[in-house]
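Peer 1: Below is the structure I would like to discuss, written out as structure tokens.
Rule-based calculations on the coordinates, nothing more; no lab input. Remember, predicted model here, so these are calculated numbers, not experimental data. Heads up, the Cβs are rebuilt from the backbone with ideal geometry, glycines too, and the neighbour counts pull from every protein chain shown.
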Amino acid sequence: MFGYWGKLLRVNLTNQTYKVEEIPEVTLKKFLGGAALGAKVLLEETAPNVEPLSPENKVIFAVGPLQAVSFPGNGKWSVITKGPLTGTYLDSAGTGHWAPYLKKAGYDLLVIEGKAEKPVYLYINDDVVEIKDATQLWGQDTVSTSQMIKEELGDRRINALNIGPAGENLSPVACITCDGHSFAGRGGAGAVMGSKNLKAVAVWGTKQVPVHDKEKASEISKKLFKSAYENGKYFREHGTACAIVPLNELGDVPVKYWRDDVWTEGSAKIGAPRYTEYLKAKPKPCINCPLGCHRHVHFEYDGEKKEANGPEYETLGMMGASLLVEDLDAICMANDLCNKNGVDTVSTGAFIGFLMECYELGWLTKEQIGDLELKWGDGDVLVELTRQIINMEGLGKLFKNGIRGAAAEIGHEAEKIIVEVKGLDYPAHDPRATFGVAVNYATSPRGACHERGNVHAGSLGLYYPELQDAPADRFSVDQAAQAAYLHQSISTFYNTLTFCKFMIGDGGITLSELCEGLEAITGWKLEAKDLFRVGEAAFTLQRLINVRDGLDRKDDSLPEKMKMAALVGPRAGEAPTPHEKILDDYYKLRGWNEKGVPTAEKLKELELEEYVSFIPAK
């Protein structure tokens, strides 16, 4: 077996025990790793509708074969669990330096179950596995936690995934962080760790994974590092902030919590190149990354000068454009608060936009808002509401059960103005600018998610020549389902391989080159169509978890605002309707029935016949 150890480390926090289990090669070849292998464990080892914050839920961390060598973009890792925000399947991915270290310690998969009696953290160093007291870490922010663990263990090389106070307090939008600048950000995986009294997972390893052709793997890796570095010059200079202005020109950014159409002047103020110049932004790369999309920035807020990890596109979209906030210092401050406390900036920005709209409509009482005036474009309001949401105090208490819970508590017609799927708030890409995004959001297993199907990237010219002739027409109802089907399957493959998508789009690496690298590492000869099939199978397995939990077509919804076409701008007159027709087309492509349930025939086609019994009876 090459590229893998074939080892699963299982840790039981209740009993304070661990054991190492074998993973058969046939399993690894079918599922590769990451989100697919984690979904397999979640489906097989958890009961339907298991309470996400109960000891019976599991937290699963997974990597893939690329971590066997110094391959560009292999800093990615996946966490798989039942998510508190949606109540069902969740996988989230982060980067940093942790993933290759877990691999070097000798493991492909880490499964954590049960609940510790008091705060603990897990320490893995090659064959050493310890459950250590984390009482002194409880209450510490994400940056301090990593520093304190390194000091306690006496090794600066050790890397720790951890949660902040938000995860400890079981916030439904709590993240898991790595290196203080990378986050498994969406859906509340941090709260699941918090519910288990698990503060962190620290790793270090010195082992070399067996590689099929180490010399060739090294040669391919060096070639791809060089080409990605050369192709990614502009992206490296400006990070994901470089997307704000061009996406605004497509009508893709959220404006005034999805109510307005364009935000040209504001986008220029918070996007590149002004972002880079004003914040003196510099790249902060993950391990084995030639691009460095994360940013180190300088800003000033409330008279205090600060240095921190800077906001990226999604944060700029949801805390900037969605709120009409042009103040980069305020956005950086709100972003830093979220980062250190371990909170998802996307949902936080969405929550604030929702509150502002409710205030404007007169649906919030004076008692609820206190002395705060919720004005669009006010950076100080952004920072204050961010604090309240993080601490779940004041207006932040409304979101203890996410956006749906807040809408139900506010009443009036609040449930009609929220923009979410399955309880997960829309990220900062507008489906009315690229119709395939609408069906992607609607059907994504973890809820509305651009990272589980980058259909919008096709509008910027990204496509896969090995699998398609050209990008889909972004306003075509007839092409929307096919575009979502393609991009979802490939994006799910990335999260199964645990590989950074930016290496493809901005680094210019092709699927064919990725196949060459995989063959050198594993010895398996693959083509682009095989990568697509792996992603399709993984996506189907994830869907099966949701179906088992009672989700179906009714949950693949389109928010009311997304049915309203723009009056002006680049998407004037356009909306991704009829949604039901697009959904029908999509289900046929996927091999699902009219309710959105995978058929037995499709499972057998994807070599998932062992899961036919999970299909609910008619």
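Peer 1: What are the trypsin sites (Lys or Arg not before Pro) within segment 283-383 that DSSP puts in a loop, where the Cβ has at most 16 other Cβ atoms within 10 Å? List each step's numbers first, then the result.
Peer 2: On the way: sites: R295, K305, K306, K340, K366, K375; in loops: K375.
Listed in order of number, the matching sites are K375.
Peer 1: Would you please put 470-483, 44-57, 104-117 in order of how densely packed they are, using the mean number of other Cβ atoms within 10 angstrom per residue and starting with the highest?
Peer 2: On the way: 470-483: 19.1, 44-57: 16.1, 104-117: 20.8.
By packing density, highest mean first, the sequence is 104-117, 470-483, 44-57.
Peer 1: For the chain, what does the relative contact order come out to in percent, with C-alpha contacts under 8 Å and a separation of six or more? Display every interim value, and only then the final one.
Peer 2: Details: 1441 pairs, mean separation 95.2, N = 618.
Rounded, it is 15 percent for the chain.
Peer 1: Add +1 for every Lys or Arg and -1 for every Asp or Glu among the other residues with Cβ under 11 Å from the Cβ of H429, and state the total.
Peer 2: Details: positive: R432; negative: D252, E314, D430, E451.
After counting each charged neighbour, the total is -3.
Peer 1: Tell me, Y101, Y89, Y611, Y234 in order of fewest to most beta-carbon neighbours within 10 Å? Write out the running numbers ahead of the final one.
Peer 2: Values: Y101 24, Y89 30, Y611 20, Y234 11.
In increasing order of surrounding Cβ atoms, one gets Y234, Y611, Y101, Y89.
Peer 1: Give me the distance between the Cα centres of segment 472-549 and segment 266-318, rounded to whole Å.
Peer 2: One Cα centre to the other: 29 Å.
Peer 1: Is segment 272-323 rounded, prolate or oblate when judged by the Cα gyration tensor, a ≥ b ≥ c being the square roots of its eigenvalues, rounded requiring a/c under 1.5 and prolate requiring a/b larger than b/c?
Peer 2: Details: a/c = 2.00, a/b = 1.30, b/c = 1.54.
The shape class here is oblate.
Peer 1: Still on this structure, please answer the following. What is the pair-distance distribution P(r) of segment 435-614, computed from all Cα-Cα distances in 5 Å bins starting at 0, with each bin given as a whole percent?
Peer 2: Result returned by the calculation: 1, 8, 16, 20, 19, 15, 11, 5, 2, 1, 0.
Peer 1: While we're looking at this one, here's another question. Please report the relative contact order for segment 241-417, taking Cα pairs under 8 Å with a sequence separation of at least 6, and give it as a percent rounded to a whole number. Walk me through the numbers before you get to the answer.
Peer 2: On the way: 263 pairs, mean separation 30.9, N = 177.
Once divided by the residue count of segment 241-417, the mean separation gives 17 percent.
Peer 1: A further question follows. Kindly identify segment 7-204 as rounded, prolate or oblate by the Cα gyration tensor criterion: order the square roots of the eigenvalues as a ≥ b ≥ c, call it rounded if a/c is under 1.5, otherwise compare a/b with b/c, prolate if a/b is larger, else oblate. Walk me through the intermediate numbers first.
Peer 2: On the way: a/c = 1.36, a/b = 1.07, b/c = 1.28.
Rounded.
Peer 1: Excluding C289 itself, what net charge comes from residues whose Cβ is under 15 Å from its Cβ, given Lys and Arg +1 and Asp and Glu -1?
Peer 2: On the way: positive: K76, K222, K226, K233, R236, K282, K284, R295, K501; negative: D179, E230, E237, E312, D506.
That works out to +4.
Peer 1: Enumerate by residue number the GluC sites (Glu not before Pro) in segment 356-418 meeting two conditions: DSSP loop (anything except H, G, I, E, B), and at most 14 other Cβ atoms within 10 Å of the site's Cβ. Display every interim value, and only then the final one.
Peer 2: Details: sites: E357, E360, E367, E373, E384, E393, E409, E413, E415; in loops: E373, E393, E413.
Filter output for segment 356-418: E373, E393, E413.
Peer 1: Sticking with this one: Show the residues, 5+ positions off or on another chain, whose built amide H is closer than 5 Å to the amide H of V421.
Peer 2: Y426, A448
Peer 1: Evaluate the relative contact order of segment 435-614 (contact order divided by residue number), counting alpha-carbon pairs under 8 angstrom at least 6 apart; express in whole percent.
Peer 2: Details: 224 pairs, mean separation 41.5, N = 180.
About 23 percent, as a whole number.
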